[in-house]
Amino acid sequence: MKHLLPPLPYEHAALEPHIDAHTMVLHHDKHHAAYVAGLNSALEKFPELQERTAVALLLNLSKLPEKIRAAVHHNAGGHVNHSLFWRAMSPTGDRSPKGLLADAIKRDFGGFEQFRTRFDDAGVKLFGSGWVWLARTQWDGGKLEICTTSGHDNPLMQGRFPLLVNDVWEHAYYLKHENRRADYLKGWWSVVNWKEAAGRFENSDTRAEESWESEGGSLLEATA
């Protein structure tokens, strides 16, 4: 089985003016495509691993042959994280969470504005390239947390279920925002897909992620 680049769920220019079409073409069609190609290349001589999803590979790195472990870590992580990132955004929809997710954000952060401030602050303070996440823990009654990961690590590797993610690698924002990461983070809220985040929250246990077999797919689709 070849890992495949998932299509964008919207046109390249759909998130303008916040994310320009040129950035989206390079980010999705070039950067993400390179991670998919790199993952397939790393697995080329290991047919028994080619049937595993990128998520499964990422969660079982210690069981992989050592000579491909680093390549799979980098490329499977890049593939999984970017697939989630495209789904985390939408050109239409609510611009704030509603329902159960909104209630959980109020419970754990004090309110939506407090959550946004802490999320942006975490993204600004992350040194180097990485990701900023809203995730649900597998302890403390499923408390929500803001966390960051470097490189292409994923909260699943830390026992957390990812609900929402923003990419703070420079290739995600540099063409438009240059070195102004804070401006990119602040404007990103105008394109957040809260329906997707809510769907992930309402299905946020490890069994849901393990059954998410569609590469780059939406949890909403996988559990429908």
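The values are calculated or read from the model by the stated rules, or taken from the named source; none is laboratory data. All figures in this text were calculated on a predicted structure; none of them were measured in a lab. Cβ sites come from the backbone with ideal geometry, for glycine too, and all protein chains shown count toward neighbours. Ligands, DNA and RNA are stripped out before the accessible areas are found, and what is left, the full protein with its side chains, is counted by its heavy atoms. Shrake-Rupley method; radii C 1.70, N 1.55, O 1.52, S 1.80 Å.
Overview of results
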read-out	value
Summed side-chain charge close to Ser90 - residues other than Ser90 whose Cβ falls under 11 Å, Lys, Arg +1, Asp, Glu -1	+1
Trypsin sites (Lys or Arg not before Pro) within the stretch 55-103, DSSP loop, no more than 12 other Cβ atoms inside 10 Å	Arg95, Lys98
Carbon and sulfur %, accessible surface of the stretch 1-145 computed with the full protein complex present, 1.4 Å	55
Between the stretch 79-110 and the stretch 148-173, the Cα center-to-center distance that results, in Å	14
Protection proxy ranking, peptides 105-112, 45-52, average beta carbon neighbours within 10 Å, highest first	105-112, 45-52
Assigned charges on the beta-carbon of Lys, Arg, Asp, Glu; the stretch 33-163 dipole about Cα centre (debye)	80
Å² of accessible area per residue within the stretch 123-171, as computed with a 1.4 Å probe and no ligands counted	38
Inter-site label distance for Lys186 and Ala34 at 7 Å from Cα along Cβ, in nm	3.0
Hz values of 3J(HN,Hα) by residue in the stretch 22-34 - Karplus curve (6.51, -1.76, 1.60), Gly and Pro given as x	4, 4, 5, 4, 5, 5, 7, 6, 10, 5, 5, 4, 5
Orientation-averaged projected area, Cα convex hull of the stretch 1-97 (nm²)	7.0
Additional length obtainable on full extension of the chain from Glu178 to Lys106, 0.36 nm per residue less Cα span	22.6 nm
Where labels lie 7 Å past Cα in the beta-carbon direction, separation of Ala21 and Ser150 in nm	3.8
